[in-house]
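Worksheet for the structure shown next.
The values are calculated or read from the model by the stated rules, or taken from the named source; none is laboratory data. Owing to the predicted nature of the structure, the values given are computational and were not obtained by experimental measurement. So basically every Cβ, Gly included, is an ideal-geometry build from the backbone, and we count neighbours across all protein chains shown.
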Amino acid sequence: MLRFKKGFTLTEIIISMVILSLVVAGMASVFVAGKRYVLHSRERVAAMEVAKCYFSELHTQVRADEWGDNCVSAGSTTDCPGPINNFDPEFKVTEVDGLQQVTLTIKWEEE
């Protein structure tokens, strides 16, 4: 009576390795995309903090009725950072129905 050897053939091992490598590659791409998303979110939060600082300064000047065309009156000082950490604030003031509309844009370079 012949006895069959138990185990995997070379073909089965190669196919399982290919499937395993595809799964690992897919998971690695998910982790890379997640890291990129987290870094982008951190930069957005930091930009919002810079914007919050500038709007706080603007609020003070509007209450004092001393704001200029660039939202920071001449000679006034601000504790807000300028072009720092790749953040570049830009103000735009337009008049809408007799009211001043302020648009603050924070630009930054992605890493």
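Some points to look at:
- Any chance residue 54 is part of a helix (DSSP H, G or I) and surrounded by 11 or more Cβ atoms within 10 Å (Cβ to Cβ): yes
- Residue in segment 47-65 that is at pLDDT below 75 and among the aromatic types (Phe, Trp, Tyr) present: no
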